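Engineer: Next up is a structure, given as structure tokens.
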Amino acid sequence: MYRVAICDDDAVFRQELKDVLAQNFFYSRIRLDEFVDGTDIMNEIENGVEFDIIFMDIGMKEMNGDTAVKKIRSSAVGVNAIVIFLTSYEADISQIVELRPFAYIYKKDGKALLNEKINKAFEQLEYEQDVIEIKSNRIVHRIRYRDIGYIESYRNSVHLYTAMEKYTTRSYSISEIVAMIKSPKFIQVSASVLVNYDYVRRFTSKTVEMDDGRIFTITKKFKGALKLK
């Protein structure tokens, strides 16, 4: 069961969004919650509720959408949520890029685009249910893609880092793991490092900095794939 939240103070649009969701293939597999302000959804998240998809209006009275998502991203249960920003007016979106939105939708664009983004969001959720199995310290671990921050190869071993643990294996090479993980969220930045975009703090032309402070060099071979100059 997927947890989906709509956070919007426009009752008419909330109903329109619910109508679109009701026609979606995944509708029977979701539990839907509605909120009219960023403060309301934050109260739920602070109580440990984890939402898979959040439709977030940018402009609300008590707490606006970008402020709410900043708080959500800093919480343990909100770091991986798929966030789709909604707005009735054109705005500068440069300030919300760092919040890693999945999509940004103008409400006037209509139901067709909304349905397209919803389908892609659920497809991404299906991706994130995938796991990789590795043997570490004689134990086979099943690790969800979404929990992996980055993967690094050194000293004849491959090391997978999650927020809580580090797993070391000699069962696979880094190239074999790259071939196994099909999620577009993972980006290879060098011959020995694979990073999960959801855990990237910032890119520069030469490096990538992760949320935990680790900095990796982007080698020349992989700059082209990243479209970095």
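Engineer: With the cut-off at 23 Å, tell me which of the pairs LYS185/LYS206; LYS61/LYS107; LYS18/LYS182; LYS135/LYS166 have Cα atoms farther apart than that.
Structural biologist: Listed pairs above 23 Å: LYS18/LYS182.
Engineer: Using the charge dipole of the chain (Lys, Arg: +1 at Cβ; Asp, Glu: -1 at Cβ; taken about the Cα centre), state which of ASN137, LEU194, TYR154 has its Cα farthest towards the positive end.
Structural biologist: Looking along the dipole axis, the top candidate is TYR154.
Engineer: In addition: In nm, to one decimal, how far is the modelled label at LYS18 from the one at ASP212, with both set 7 Å along Cα→Cβ?
Structural biologist: That separation, rounded to one decimal, is 4.2 nm.
Engineer: Sequence neighbours fewer than 8 away in the same chain don't count; with that in mind, list the aspartates and glutamates whose C-alpha is under 18 Å from LYS223.
Structural biologist: Straight-distance partners of LYS223: GLU152, GLU209.
Engineer: In addition: Would you mind calculating the gained length between GLU165 and LYS135 on full extension (0.36 nm times residue separation, minus the Cα-Cα distance), in nm to one decimal?
Structural biologist: Result: 9.4 nm gained on full extension.
Engineer: What spacing in nm lies between the two simple spin-label points modelled at THR204 and SER157, each 7 Å away from Cα in the Cβ direction?
Structural biologist: Each label point is offset 7 Å from its Cα along the Cβ direction, giving 3.0 nm.
Engineer: Nearest 20 debye, what's the magnitude of the dipole of the stretch 161-211 about its Cα centre given +1 on Lys and Arg Cβ and -1 on Asp and Glu Cβ?
Structural biologist: 100
Engineer: For the stretch 2-128, what does the alpha-carbon gyration tensor say about shape, rounded, prolate or oblate, given a ≥ b ≥ c as the root eigenvalues, a/c under 1.5 as rounded, and a/b over b/c as prolate?
Structural biologist: rounded
Engineer: Can you work out ³J(HN,Hα) from phi for every residue in the stretch 199-216, in order, using Karplus 6.51 cos²θ - 1.76 cosθ + 1.60 and θ = phi - 60°, giving whole Hz and x for Gly and Pro?
Structural biologist: Coupling constants for the stretch 199-216: 10, 8, 7, 6, 9, 10, 5, 10, 9, 10, 10, 8, 4, 8, x, 5, 10, 10 Hz.
Engineer: What is the Cα coordinate range of the stretch 103-169 on the first, second and third principal axes, sorted by size from largest, in whole angstrom?
Structural biologist: Rounded to whole Å, the extents work out to 54, 19, 19 Å.
Engineer: Under a plain spin-label model, where a point goes 7 Å from the Cα along Cα-to-Cβ, how far apart in nm are GLU176 and VAL79?
Structural biologist: 2.8
Engineer: What does the charge dipole of the stretch 109-198 about its Cα centre add up to, to the nearest 20 debye, if the Cβ of each Lys and Arg holds +1 and the Cβ of each Asp and Glu holds -1?
Structural biologist: Computed about the Cα centre, the dipole is about 300 debye.
Engineer: Sequence gap at least 6, Cα distance under 8 Å: using those rules, report the relative contact order of the chain to the nearest whole percent.
Structural biologist: 12
Throughout, read-outs are computed from the coordinates displayed, never taken from laboratory work. Since this is a predicted model, take the numbers as computed values, not measurements. All Cβ positions, glycine included, derive from the backbone under ideal geometry; neighbour counts span all protein chains shown.
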